[in-house]
Amino acid sequence: MSMIKGIKGVKDLLPEETPRWRLIEEIARRWAGRYGFHEIRIPIFEVTTLFARSIGASTDIVEKEMYTFQDRDGTSLTLRPEGTAGTVRAYIEHNRASIPVPQKYFYFGPMFRHERPQAGRLRQFHQFGVESLGMADPQADVEVIALLWRILSNLDLPGLTLEINNLGYIADRDTYRPHLVSYLMQYESDLCANCRHRIETNPLRVLDCKVPECRTITGTAPRLSDSLSETARSYFTRVLSGLDLVKIPYSLNHRLVRGLDYYNLTTFEVTAINLGAQNAVGAGGRYDGLVETLGGPPTPAVGFAIGLERMSMLLPTDVVKKATDDVTIYVAGFGAYGAVTGLTALEELRLAGLQAVSDFRSVTLKAHLRQADRLGCRFTLIIGDDEVVKGSGILRDMETKVQHDVSLSIIGIQIPSLLTGS
Ligand code: ATP
Ligand code: MG
């Protein structure tokens, strides 16, 4: 029979890879807790309108990347391409605005976008994200950015750079747009096809285009920062001085934009080296207009999302090794009595809180020791028929070859204390 394969751009994570992922998740979770964020779990699919309205019709995601399908009753549903829309929907639906404390959420999970698969770009990928709802204060921006920075730094990802920009308010961008458009019109024929189209639909997004020709043109384009109101400027200045205070390094990037009206003020992105074309690890910003756009009460908000695949690609191997270097004891039970005592010993070690394994197919000591090495076990507990008769097994350090006698009646006490002593 022919083999059935997984879907293009949808990856399996085999046991060799999951420790890296677990480490990333644990560190993200730990820092989110320290910053007072609480976990929210939202559905993987929602009605299509939620994403169309929140992400915006003229974005790559909504224009061409969504997995949309019809439910049996004809309703259009979409596999979530990101986590903010669902989080905000839940916030509104459960009337969380009425709770008199800031609502700070984090989430993990798979996201779905129909893109061209390549390293660091998948069709099912995973994000960790946070949303801080309710606070229109530069300190809330600083808090979210600091959390992002702490997580990525704690993972020792190489060459991290935090880029930041000020998008101002809608009115500021309305002032700016005609300057940008008339500049871009002069170079229209040199822009990529997408950007020629964007001049009309969403000119700010031309600034974000990665095509080299477009980048050259936008390098000398009028800057949004020159059209910003005093209020927007002073807000951003306070964000930057907050980052200085808590010692988060950043670099200003005047071309960093988001093309949608409900984004305002602070916008940021973290890049790393070694990611090739996909150099963004995570991105975020302030989105004070979104909750209202989705039918909720006016609610200022700021958040970010980071890609777990890209973090996993960057994570240094020694960081993973150090964090997952748990001692496992191999139990070599052989012979008619040894095999039986081996089984109870395994169970006692596990009940004592240790990791213990065996290969039940091995019938000789030599075969057991070979499997212990292959499984990377630091210790082997040897229990042959002789040991059963004596009532004492042999704990062998597989690296130093040093051996200790251990009393089989109290291994659950003796072995843990030997290990902490070693
Ligand atoms: P890009 O410019 O790489 O397409 P984006 O602007 O579409 O990124 P966001 O929507 O801001 O990305 O998502 C935040 C993060 O999620 C990205 O920085 C990246 O790490 C990750 N991400 C986004 N799309 C994918 C994908 N298709 N595969 C893997 N990770 C992704
Ligand atoms: Mg994208």
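Report yes if some residue within the stretch 56-65 is more than 15 Å from ligand 1 (Cβ to nearest atom), touching a helix residue (DSSP H, G or I) at 6+ places or on another chain (Cβ under 9 Å) and in the same structural domain as P316 (by TED's automatic domain parsing); otherwise report no. Within the stretch 56-65, one or more residues are more than 15 Å from ligand 1 (Cβ to nearest atom), touching a helix residue (DSSP H, G or I) at 6+ places or on another chain (Cβ under 9 Å) and in the same structural domain as P316 (by TED's automatic domain parsing). Kindly establish whether Y250 is assigned by TED's automatic domain parsing to the domain that holds D141 and open to solvent by 60 Å² or more (accessible area, probe 1.4 Å). Yes, satisfied.
Of the helices (runs of 4 or more DSSP H) lying entirely inside the stretch 1-100, those containing at least 1 residues that are open to solvent by less than 20 Å² (accessible area, probe 1.4 Å) and over 29 Å from P298 (Cβ atoms) span 18-34. If only residues of the stretch 115-136 that are open to solvent by 40 Å² or more (accessible area, probe 1.4 Å) and within 11 Å of ligand 2 (Cβ to nearest atom) are counted, the one that is nearest to N279 (Cα to Cα) is R121.
The condition of being within 16 Å of ligand 2 (Cβ to nearest atom) and among the aromatic types (F, W, Y) holds for only one of Y91, Y67, Y107, that being Y67. Does G384 satisfy the condition of being of a type in the set (G, A, S), surrounded by fewer than 19 Cβ atoms within 10 Å (Cβ to Cβ) and over 37 Å from the mean Cα position of the chain (by Cα)? Here the answer is no, as G384 does not meet what is asked.
The rows are residues; the columns are (1) closer than 17 Å to L308 by Cα; (2) at pLDDT 95 or above.
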| position | (1), (2) |
| --- | --- |
| T87 | no, yes |
| V101 | no, no |
| H114 | no, yes |
| P158 | yes, no |
| N165 | no, yes |
| I170 | no, no |
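For the stretch 142-170, give me each residue that is more than 16 Å from ligand 1 (Cβ to nearest atom) and open to solvent by less than 20 Å² (accessible area, probe 1.4 Å). Within the stretch 142-170, V142, A146, N166, G168 meet the criteria.
Checking each residue in the stretch 329-357 for being under 15 Å from L395 (Cα atoms), open to solvent by 30 Å² or more (accessible area, probe 1.4 Å) and hydroxyl-bearing (S, T, Y) picks out only T341. Can you name every residue in the stretch 380-414 that is of a type in the set (V, I, T), in contact (Cβ under 8 Å) with a residue 24 or more places away in the chain and not in a strand (DSSP E or B)? Result: V388, V389, I411, I413. For the stretch 211-247, the set of residues classified as assigned to a loop (DSSP other than H, G, I, E, B), touching a residue at least 60 places away in the same chain (Cβ under 8 Å), of a type in the set (A, V, I, L, M, F, W, C) and open to solvent by 20 Å² or more (accessible area, probe 1.4 Å) consists of V246 only.
When N165 is tested against (1) within 16 Å of ligand 2 (Cβ to nearest atom); (2) under 27 Å from L228 (Cβ atoms), exactly one condition is not met: (1). Just need a number here: residues in the stretch 118-141 that are modelled with pLDDT under 95 and either touching a Leu at 6+ places or on another chain (Cβ under 7 Å) or more than 8 Å from ligand 1 (Cβ to nearest atom) (or both). The total comes to 3. Assess whether E163 counts as being among the acidic types (D, E) and closer than 15 Å to R258 by Cα. Judged against the criteria, E163 is a match.
Here is the figure for the stretch 102-116: residues that are among the basic types (K, R) and farther than 11 Å from V130 by Cβ total 2. Among the residues of the stretch 1-38, those identified as of a type in the set (A, V, I, L, M) and touching a residue at least 60 places away in the same chain (Cβ under 8 Å) are I7, V10, L23, I24, I27, A28, A32.
The values are calculated or read from the model by the stated rules, or taken from the named source; none is laboratory data. Since we're looking at a predicted model, the values are computed, not measured. Neighbour counts are summed over all protein chains in view; Cβ atoms, including those assigned to glycine, are modelled from backbone coordinates with ideal geometry. All accessible areas refer to the heavy atoms of the entire protein, side chains included, with ligands and DNA or RNA removed. Shrake-Rupley method; radii C 1.70, N 1.55, O 1.52, S 1.80 Å.
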